[in-house]
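The values are calculated or read from the model by the stated rules, or taken from the named source; none is laboratory data. In this text the structure is predicted, and so the values were computed from the model without any measurement. Quick reminder, even Gly has a Cβ in these numbers, built from the backbone with ideal geometry, and neighbours come from all protein chains shown.
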Amino acid sequence: MVRKFATFLGATALLSSVFALAPSLSASSLVAAPSVNWHQATTGGVPGGPGGSMAYDPATHQLILLEGNTNSTWSWSGTAWTQLDSAGCNAQAWGCTNGPNENTMELVFDPQSQQLVMFGGDGNQTWAWNGTSWRQVADAGDPGCTGSCTISPQSTPGSQMAYDPATKQMVMFGGENNAFSNLNYTWVLSYVNGTYSWSQVDDSGDAGCTTACTSSPPARNVGQMTWDPATNQLVLWGGEVTAGNADGTNATWIWTGTIWQQVDDGNGTHAGCGATLPTANPCPMSPPGRVGFGMAFDPAIGEVIVFGGMNHYGASEYNDTWAWNGSYWHQIDNAGNAACGNIVGGTACAGSPSARDTISMALDPATNQIVMNGGGGQNDTWTAAAVPAVPSMPRHVKVIFDGDRATVRWNIPAFDGGGPLTGYRATVTHQIKTCAPSKVDWCNKAATIVHGQRYTIHVWALNAYGKSQVATLSGTRNS
């Protein structure tokens, strides 16, 4: 997006196209970006098995973990875990029988029913948590069904699911079927008049499609999807694109409520990137492809956070942290070392949790922190606090000439610092102008441009945390 600033008016032929612009840009501002502080909150206290799922329950003000190895249900106090279902039923694998018996499932809060909803895993059953107990739902005609619930999507371990406030539905994409084929269909779960119901929504022209829905992203499982309130979009990233080998895509897609759109392909410059094996055509501006990572929205910086995961069964194992700001990805834990994160033949990110996959991760609004548990044989719990920063400076400052008008333009900063831009500040030789970011023309003020006089333009970007480094242009009017 191009931001336009300041029209300067004069009597006759003012600035010519040989204004001799000489940009003076500080490289240090190009790395201005949010950072993240990880803290190990516990070294145990919950089973931490692979394939669990975590979500915040605003109805009970609890962060809930449905543990993937035992099906036990836990709540997070901010410092410790407490088991909520039958005490001791986590003593053996699959020991909790009063709730879902799944792994690699998804747990999502549904504001319509005020309950947490679980779907996926080894079966195709749907369950709801009311704050104290589980009950199976969406099984009309098949009470107690497990892997053959006829009104539900098929068994889909590793599906991606999130709530869409725009449509007031839970959206489920992909997964792996019982034949070990990855899926690329999209279903929505609605709650109306006390009843949950599933329906497929992306099969226009492909009625009942499962693995080849032409209007959908490529088939995948064990990726992640989350709602991004900063952009009012569901964001889908990562996941296994070739069933059975954990080759992770790095493509980013959004769900508009009716269709899917890829948003990290450079407006088509890299069309189709991330669709196949990650080594074949990766999206160049996105994190390395992976599976089994954690993903959650962080309101502290207004961006979607991704941590960890692996690619191709341990060929790459990650402990890096990335953020999606609605337009692009950037790494926020590298302390200037852009290569950190891949611990296989690379460098681990210091201060971050150890590399792991099959992670459970969610935002805890009570503490305003991201909480991450388990994965990779670990049962520890970490919290992440993202730290906003000042924005980087405006980019590509230039002067556009049109007769007796001279307009200064620039592009938005590469990073907004994790806080929304609140405006711009500019000086043109000694005239100070403060400009709102939502305007098309800013600070439209007449100025006399004198032949032979040198002018200097300074532009800063502003957010709540301060102003960026300055972008400077200098030049002399020539006739």
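Examine the stretch 25-36 for a residue that is surrounded by fewer than 23 Cβ atoms within 10 Å (Cβ to Cβ) and modelled with pLDDT of 75 or more, and state whether such a residue exists.
yes
Of all residues in the stretch 286-321, which are out of contact with any strand residue (DSSP E or B) (no Cβ under 7 Å at 6 or more places or on another chain) and not polar (S, T, N, Q)?
The answer is PRO299, GLY302, TYR313, GLY314, ALA315.
Is it the case, given these coordinates, that PRO353 is modelled with pLDDT of 90 or more and within 23 Å of TRP227 (Cα to Cα)?
Against the criterion (modelled with pLDDT of 90 or more and within 23 Å of TRP227 (Cα to Cα)), PRO353 does not qualify.
Check whether at least one residue in the stretch 348-370 is under 20 Å from SER316 (Cβ atoms) and either acidic (Asp, Glu) or in contact with a Leu (Cβ under 6 Å, 6 or more places away or on another chain) (or both), and report yes or no.
Yes; the residues of the stretch 348-370 include at least one that is under 20 Å from SER316 (Cβ atoms) and either acidic (Asp, Glu) or in contact with a Leu (Cβ under 6 Å, 6 or more places away or on another chain) (or both).
With the requirement that a residue be in a loop (DSSP other than H, G, I, E, B) and in contact with a Gly (Cβ under 8 Å, 6 or more places away or on another chain), what does the stretch 289-311 give you?
Scanning the stretch 289-311 gives GLY289, ARG290, GLY292, PHE293, ALA300, ILE301, GLY302, GLY308, GLY309.
Is it the case that the stretch 198-219 has a residue that's over 22 Å from the mean Cα position of the chain (by Cα), part of a strand (DSSP E or B) and aliphatic (A, V, I, L, M)?
no
Just name the residue that is nearest to GLY377 (Cα to Cα) out of those in the stretch 37-59 that are buried (at least 17 other Cβ atoms within 10 Å of the Cβ) and β-branched (Val, Ile, Thr).
Per the stated criteria, the residue is VAL46.
Which one of these does GLN112 not meet: (1) more than 19 Å from SER360 (Cβ to Cβ); (2) modelled with pLDDT under 95; (3) not charged (D, E, K, R)?
Looking at each condition in turn, GLN112 falls short on (2).
Quick one: count up the residues across the stretch 352-382 that are surrounded by fewer than 20 Cβ atoms within 10 Å (Cβ to Cβ), in contact with a strand residue (DSSP E or B) (Cβ under 7 Å, 6 or more places away or on another chain) and part of a strand (DSSP E or B).
2
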